[in-house]
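Asks: Dumping the structure here so I can ask a few things about it.
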Amino acid sequence: DVKVTQSSRYLVKRTGEKVFLECVQDMDHENMFWYRQDPGLGLRLIYFSYDVKMKEKGDIPEGYSVSREKKERFSLILESASTNQTSMYLCASSPGWGGLIQYFGAGTRLSVL
Amino acid sequence: KNEVEQSPQNLTAQEGEFITINCSYSVGISALHWLQQHPGGGIVSLFMLSSGKKKHGRLIATINIQEKHSSLHITASHPRDSAVYICAVRGGTASKLTFGTGTRLQVTL
């Protein structure tokens, strides 16, 4: 079975802190994605990566950056956390170009106080 | 207007009922996905389809490309089907999905 693991289920940070959310997949997938999920808005794409060191902005990249130094790991970085970044963050991966089925991690619920 | 619209937003059913969740989209797509999210956050992919109909156990997904509409049906619903069901479409950029806001289903005994 494909496994997508997010480093934390719950995280509480203070405004202005630098926050790292880590995601690791064990199926050698080329594509990896970071989403945030907010009530009434559904999942929105923050960034995605289709290869090591490659990244593309999604629909809401402002305030975020990403890093993909190894194929299995995709990190989301909040340079200076703000309260409006309180949300559920979901990582996903999929094989090859063309997307196909995306496999999701369990999510990280981040609260910024 | 969202590119992907789901209805209803919330649905309560009694065990055994036949359930239909609808998804309409306004863009050209190459595929449509149905996903299930249980309380606690984990998301599981149920179906990916680009035409016709797919069936898996008590779940059936259909799509009408001309009408830009898909339905997810659950036969003989059970309380363990309680979850949020999400429709997502894959359009021009091959790897990106656009998501609906989800339908929250509660199945009671």
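The values are calculated or read from the model by the stated rules, or taken from the named source; none is laboratory data. Keep in mind that what you see is a predicted model, and the values were worked out from it rather than measured. Neighbour counts are summed over all protein chains in view; Cβ atoms, including those assigned to glycine, are modelled from backbone coordinates with ideal geometry. Just so you know, the surface numbers come from the protein's heavy atoms only, side chains and all, with ligands and any DNA or RNA stripped out. Shrake-Rupley method; radii C 1.70, N 1.55, O 1.52, S 1.80 Å.
Asks: Using a 1.4 Å probe on the heavy atoms of the protein chains only, list every residue of the range B:38-53 that has 50 Å² or more less accessible area in the complete assembly than in its chain alone.
Replies: At a threshold of 50 Å² (probe 1.4 Å), the residues of the range B:38-53 that become less exposed are B:ILE43.
Asks: Tell me the net charge near B:SER77. Cut-off is 13 Å between Cβ atoms, B:SER77 excluded, with +1 for each Lys or Arg and -1 for each Asp or Glu. Please list the in-between numbers first.
Replies: On the way: positive: B:ARG58, B:ARG80; negative: B:GLU15, B:GLU17, B:ASP81.
That sum, taken over residues with Cβ under 13 Å, equals -1.
Asks: Rounded to a whole number, what % of the accessible area of the range B:1-87 do carbon and sulfur atoms account for, probe 1.4 Å? Walk me through the intermediate numbers first.
Replies: Numbers: 2120 of 4310 Å².
Whole-percent figure for carbon plus sulfur exposure: 49.
Asks: In whole Hz and in residue order, list the ³J(HN,Hα) couplings for the range B:56-66 that follow from phi through the Karplus curve 6.51 cos²θ - 1.76 cosθ + 1.60, θ = phi - 60°; x for Gly and Pro.
Replies: Working through the residues one at a time gives 9, x, 8, 9, 10, 10, 10, 9, 10, 5, 5 Hz.
Asks: Okay, next question. Sort B:80-88, A:11-19 by the packing proxy (mean of other Cβ within 10 Å over each peptide's residues), most packed first.
Replies: Numbers: B:80-88: 20.7, A:11-19: 13.0.
Result, highest mean first: B:80-88, A:11-19.
Asks: Please give the per residue accessible area of chain A, computed with a probe of 1.4 Å over protein heavy atoms only, in Å².
Replies: Accessible area per residue: 49 Å².
Asks: Please report the net charge: other residues with Cβ closer than 15 Å to the Cβ of A:LYS71, K and R +1, D and E -1. Before the final figure, lay out the partial values.
Replies: Details: positive: A:LYS3, A:LYS53, A:LYS55, A:ARG68, A:LYS70, A:ARG73; negative: A:GLU22, A:ASP26, A:ASP28, A:GLU30, A:ASP51, A:GLU69, A:GLU72.
Value of the local net charge: -1.
Asks: A:ILE60: net charge of surrounding residues, Cβ under 12 Å, Lys/Arg +1, Asp/Glu -1, itself excluded?
Replies: Summing Lys and Arg as +1 and Asp and Glu as -1 gives 0.
Asks: Run the 1.4 Å probe and let me know the accessible area of B:PHE47, rounded to the nearest 10 Å².
Replies: 10
Asks: Now for a separate question. Can you give me the % of accessible surface on chain A that is carbon or sulfur? Probe 1.4 Å, all protein chains present, nothing else counted.
Replies: Working: 2830 of 5510 Å².
Here it works out to 51 percent.
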